[in-house]
Amino acid sequence: MFLRAKTRNKDGKAHRYWSIVENRRTRGHRVVQRQVLYLGEINDSQQVQWCKTIEVFQGDESRSMQLAIFPEDRIAPPLECEVVQVKLSGLQICAPRQWGACWLACELWGQLKLDGFWSERLPASRKGTRWLNVFKTLVCYRLIDPGSEWRLHRQWYERSAMADLLGEDFGLVQIDKLYRCLDKLLAHKQNFFSYLKVQWESLFHTRFDVLLYDLTSTYFECAPPEEGKRKYGYSRDKRPDCVQVVIALIVTPEGLPLAYEVMAGNTSDKTTLEDFLKKIEDQYGKSERTWVMDRGIPTEETLALMRSAEPTVRYLVGTPKGRLSRLEKSFLELPWAQAREAVDVKLLEHEGECYILARSGGRVQKERAMRRRRLKRLWKRLHQLQQQTLTRDQLLLKLGAAKKEAGNAFKLVRMGLPEKDQSVSPESFTFALDKKRLRQVRRREGHYLLRSNLSGEDPAQLWQYYLQLTEIEQAFKELKSDLVLRPIYHQNDQRIEAHIFVAFVAYCLQVTLKSRVRALAPGLTPRAVLEKFAAIQMVDVHLPTTDGRQLLLSRYTQPEKDQQLLLSQLKLHLPPQPPPRIATDLTPLG
């Protein structure tokens, strides 16, 4: 194995992306290369660390070892312990199941010390049901291979090694137990948020003076009646045909989730912030926190309340570009200051607030290329429509489709439409470029307008705060894609919220792993690590004995080199193999 770098030019710079590659010899003495791990862009110290780890696991692969196997017809020597002779000819390997990812998920659970919180709140029932293990299974399932509770009951549990790791049997995942466990969770939700804050501080020394706030929606695949929190509303999943719920989430700038709330599907974004501010203050106390939000969330009334609060609630919020029209003349008189590479800013104090105009060179080029591409496509389409034989109504329908495809570029074209009952021709249907609006759009491409009550702050720091909103967008993306939060199949509000809560806890495990691997290599994702560990299987080795019993050995497969690399870098150690067992069951194998 060795490190290999590939160079790619991006944004005018040369970027080097690293991978760990292994040579494999095939038939015909050919050597092919297999990518073991993708690391992304790593610094020099990370490169040295990975090289040392590779050297440790390279070893000398030319050594061999001889084994002597004694069949059952050989006389065993006298020993001071019980002697069991096995029939090697009857050896069978049964019940292969996924072990590695399940073990890693339980390790992450242990790193967050979740047993310390949930063991008291989910005690075993009088019939012996260990609700803590049911909940742990639900969370690990959501993290590793998410699906419905019915699929967990019917398929996944027996194909995984959760029973081996938890010391349980199939009775743990009876379908009624899975649903009854969901009903026990929500009562502890707020206390869990407080416990989680302590764990983030302990594990990652996280500060909570900056909080990122945003909302998303998740839909229901079926079409249940609008009842409870299931409502039709603005769908961020592009599914306006489905009822939905809205989820408001708070994360730290490092992407660590702190709290969330589930609201009705028709909730307007701008009505949520005031209540959430009060909930955070009631739970964690008043403090000088900075709230970072996107435009459309706070109203002017809410911002005024934040400024007048005691202590003042600080905020940094994106602002629609329409407000730039009122402040454009004032900004023109100010010089640009460099906040970071390829990003310039201007600061303007106005009516007790600080407005930040940021210009990103890379974003200017990107937005300009997108606008040109759409405008060119729209212009070509308009010429086609001008030459077609259409009625006025047909033309309007086709223009509607062209408008949807062109987006904001459609506003850059002035059109003259034919009168009613007039046929479409180059004389009756005309179009021309709106040069005045185009100049205005060009001036504003790649520009962002922010507003804040943080006066005197470094503009580079303010811009960095706003860029951290990508962390909450990434959280929503991982909840919906990696953890399959959507669609939801439950039919009452309590089960719906419990489903989301399980996904939230699974995301806590995923972000813990993400924080661990981020320091190793930025290109190494939690999902890639879980997939690597999922290749470690557990099997049951059955050996019949000469006295009619069976020797049972449950064994996980030995990790390959790529898995050994990850174990070493993450400072994890596999547990010892389970001890062998002697069974007296004479049921034929197979």
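Key figures for this structure:
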read-out	value
Tensor-based shape of the range 546-586 (alpha-carbon gyration tensor, a/c under 1.5 rounded, otherwise prolate or oblate)	prolate
Partners for residue 231 among lysines (Cα-Cα distance below 21 Å; same-chain residues under 8 apart left out)	270, 480
Heavy-atom SASA rank of 355, 465, 179 (probe 1.4 Å, accessible area, largest first)	179, 465, 355
Proximal aspartates and glutamates to residue 52, defined as alpha-carbon separation beneath 15 angstrom and excluding residues fewer than eight positions away on the same chain	44, 562
Shape category assigned to the range 392-499 from the gyration tensor of Cα positions, a/c cut at 1.5	oblate
Backbone N under 11 Å from the residue 150 label point (7 Å along Cα→Cβ), restricted to the range 474-502	489-490
Restraint check, 404/435; 286/346; 127/229, Cα-Cα greater than 25 Å	286/346; 127/229
For the range 362-377, 3J(HN,Hα) per residue [Karplus equation, 6.51 cos²θ - 1.76 cosθ + 1.60, θ = phi - 60°, Hz, x = Gly/Pro]	x, 6, 4, 5, 5, 5, 5, 5, 5, 5, 5, 5, 5, 5, 5, 5
Cross-link reach list, aspartates and glutamates versus residue 477, counting only Cα pairs under 14 Å and skipping chain neighbours closer than eight places	214, 237
Peptides 110-117, 128-135 ordered by average Cβ neighbours within 10 Å, highest first	128-135, 110-117
Distant-in-sequence amide H partners of residue 214 (H built 1.01 Å from N, under 5 Å)	249
Length released on extending from residue 330 to residue 268, taking residue separation times 0.36 nm less the Cα-Cα span	19.0 nm
Spread of Cα-to-Cα distances over 10 Å intervals beginning at zero, given as percent, for the chain	3, 12, 18, 21, 19, 13, 7, 4, 2, 1, 0
For the range 139-144, Karplus couplings with θ = phi - 60° (6.51, -1.76, 1.60), whole Hz, Gly/Pro x	5, 5, 4, 5, 6, 8
Residues whose placed amide H lies under 5 Å from that of residue 160, excluding near-sequence neighbours	98
Per-q log10 I(q)/I(0), the range 256-413, q = 0.15, 0.19 Å⁻¹ (Debye; single scatterer per alpha-carbon; no solvent)	-1.03, -1.20
Accessible area (Å², per residue) of the chain, counting only protein heavy atoms and a probe of 1.4 Å	54
Within the accessible area of the chain (1.4 Å probe), percent carbon and sulfur	50
Under 18 Å from the residue 188 label point (7 Å along Cα→beta-carbon), backbone N, the range 471-515	495, 497-509
Phi to ³J(HN,Hα) by Karplus 6.51 cos²θ - 1.76 cosθ + 1.60 over the range 40-55, Hz, x for Gly, Pro	x, 7, 10, 7, 5, 5, 5, 5, 5, 5, 5, 4, 5, 5, 4, 4
Interchain or long-range residues, amide H under 5 Å from residue 36's placed H	20, 21, 22
Kirkwood Rh and Cα Rg combined as Rg/Rh, the range 194-308	1.02
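The values are calculated or read from the model by the stated rules, or taken from the named source; none is laboratory data. Keep in mind that this is a model prediction, so the values were computed, not measured. Backbone-built Cβ (ideal geometry, glycine too); neighbour counts: all protein chains shown. These accessible areas exclude ligands, DNA and RNA; they are computed on the full protein's heavy atoms, side chains included. Shrake-Rupley method; radii C 1.70, N 1.55, O 1.52, S 1.80 Å.
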